[in-house]
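**Q** My questions will all concern the structure given below.
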Amino acid sequence: MPPAPAAAAATYTRYDATSTQGQAMLAAYATAINAMIKLPADHPHNWFRAAFVHLMDCPHGNWWFYVWHRGFIGYWETVVRKYSGNPKFAFPYWDWTNLPRIPASMFNGVLTPVSNAYLPYTKDLATFTAFIQPAMKKFWNSLSPAQRAQLTIRGYGTFDDMWNDVSGNGVPANGAFAATAKARYLSPTNPNLDPDVAYDCTPFIVDKGLSPLKFYDATVSKSFTSSKTPSHNSAAGSFSVLEGLPHNNIHNNIGGYPAWNPGPFGYMTQFLSPADPIFFLHHSNMDRLWDVWTRKQQRLHLPILPPEPDLTTLKKEPFLFYISAGGYVGPKTAGDVLSTTVFDYEYGPGGFPPSLTLFSAPPTATRTAAPLIRGTVSGNSGTVAVPRAALQRQLGAAPELGGLTLEVTIERPEGPVRQFDVLVNAPAGTTKASAGSPYFAGTIGFFGLAMKGMHATAGATTFAVPIPPTLRALRAPAAGAASNTTLHVQLVPSHGVGEAPVLTALAVGAY
């Protein structure tokens, strides 16, 4: 049998931002932004219009997170290409595993939102309101019944409901808008991700995020994507590893949480985050990791999407707010934008290379069928007994293939607090521990504040947190030791800022 023909190369390539090609793309990106910020506020290609698409429609904490952002970035990439002067333009990706700091070029000119070029539009809230609010009201009044129905689910029954999330309605921590002077927290003299956030970007965490064998599983520690919800505008139910750890916390860190507590914060901390050009590099890397996961599944002859009837449910979800080089896109569904081929792009070389073990190890019964080990909770802490056999597997197996993963379910506290450190078997009275501590298991975080229709009281949210083999609690038990090892899990506010959450459930997946 003759070999199958090689797939045709894509027209566009998304390069590593630090590569020569990536640097050329960043120069074209700056050319486009310079043109787009000067467009009238009612022009669909005005730079800030992408940020409003995200504010009004983006999903987080559900299984439409990856596909919605693929469509959003893919269509907006055609807009930037139009103004870039480069007919081959594609967004570079920022691989924060290899480079846990903002690429140096992203502090140049309009590639940072603190540039003086933004001052005529974002000097302060009054300036921004005078510039864009009339255009957004006009757009709001043109919305279709289907668009209004989706916004109602989101909690935006009126224009004022939406604008309150832009302005903060008098509460500095709540505003999605960021004045030019504080539009981004990280700077040329302070470009590095916080050590706790950088830990969430390490090869160990990324490999664990890529290890699930299903696109969606109701057990989030076994799921590549986050929770299955009634709508992409519904409140989060769970966060998978890659969304709940690196994605969310990079957003928060760049926008100044918790360093600028209680706000106002920079763009990346809130839902107008695409106003910061780094947004598209961050999300290109998230999309790249989805592509890596898909290729892993194909290599293992496993499904890349859920089975029916979930597949139909996933595909038919309407996406109604996209903008392309041709203007407003019109009604689309998730099924329309699932594949990279829709936008004819591929990812160039570079970037963190996931463990080859992920691509070669056959699925095992323990990876697919192991039940959760459930614990007990009280306040912001809980305990769970892990069988000795599971502990020995954790210490002896390739960590990327499974091991122990915590599932922590919390009630989100009211107010600006949104980021928490997960400690395991820390001494009594410990209120914080940083990456490198023998008790630190990771940092979980919500992206942005709960919007009007997504109150923290809407329900508890579960995070998947891989347990690093380096934890002191996981030291190999001595001969004759008890058959179980008890893990005491405690959630504390990152950097000691804010209120600890109520832990409503605790479990361990031992795969």
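The values are calculated or read from the model by the stated rules, or taken from the named source; none is laboratory data. Bear in mind that the values here come from a model prediction, so they are computed numbers and not experimental data. FYI the Cβ positions are ideal-geometry reconstructions off the backbone, even for glycines, and counts take in every protein chain you see. What goes into the accessible areas is simple: the full protein's heavy atoms, side chains included, and nothing from ligands, DNA or RNA. Shrake-Rupley method; radii C 1.70, N 1.55, O 1.52, S 1.80 Å.
**Q** Kindly report the accessible area of region 113-263 per residue (heavy atoms of protein chains, probe 1.4 Å, no ligands, DNA or RNA), in Å².
**A** Value for region 113-263: 34 Å² per residue.
**Q** Which aspartates and glutamates, on any chain, are close to residue 88 with Cα under 16 Å apart, when same-chain ones fewer than 8 places away are left out?
**A** Reachable aspartates and glutamates: 16, 77, 344, 346.
**Q** Identify all lysines with a Cα-Cα distance to residue 138 below 30 Å; exclude those on the same chain that are fewer than 8 residues away in sequence.
**A** Qualifying lysines at Cα under 30 Å: 38, 82, 123, 182, 316, 332, 452.
**Q** Here is a follow-up. Could you tell me, in Å, what Rg and Dmax come out for the Cα atoms of region 242-388?
**A** Cα radius of gyration and Dmax of region 242-388 are 19.9, 60 Å respectively.
**Q** At a threshold of 8 angstrom on Cα-Cα distance, excluding pairs fewer than six apart, so keeping six or more, what relative contact order does the chain reach in percent?
**A** Relative contact order comes out at 20 percent.
**Q** When the convex hull of the Cα atoms of region 1-125 is projected onto a plane and the area is averaged over all directions, what value comes out in nm²?
**A** Result: 11.2 nm².
**Q** Quick check: Cα centre of region 165-207 to Cα centre of region 303-379, how many Å?
**A** 25
**Q** Give me the mean projected area, in nm² to one decimal, of the convex hull enclosing the Cα positions of the chain. Don't jump to the answer; show the numbers that get you there.
**A** Details: hull surface 95.9 nm².
Convex hull of Cα atoms, orientation-averaged projection: 24.0 nm².
**Q** Sticking with this structure for a sec: Select from the chain the helices, each a whole stretch of DSSP H, whose alpha-carbon atoms run 18 Å or more along the helix axis and whose Kyte-Doolittle mean is at least -0.5; answer none if there are none.
**A** Sorted by number, the helices that extend far enough and score high enough are 20-36, 65-84, 125-141.
**Q** Mean 1/r over all different Cα pairs, inverted: what Kirkwood radius does region 75-169 give, in Å?
**A** About 16.8 Å, per the Kirkwood formula over Cα pairs.
**Q** Under a point spin-label approximation (7 Å from Cα along Cα-to-Cβ), what is the residue 8-residue 116 distance to one decimal in nm?
**A** 4.8
**Q** Counting only helical runs of four or more DSSP H residues, what would the 222 nm mean residue ellipticity of the chain come to if each run contributes -39,500 (n - 2.57) and the total is spread over all its residues?
**A** Calculated from helices alone, the mean residue ellipticity at 222 nm is -9000 deg cm²/dmol.
**Q** Right, next: Top to bottom by accessible area (1.4 Å), largest first, where do 340, 383 land?
**A** Per-residue accessible area, sorted high to low, gives 383, 340.
**Q** Given labels modelled 7 Å from the Cα in the Cβ direction, how far is it in nm from residue 488 to residue 299?
**A** Here the modelled spin labels are 4.2 nm apart.
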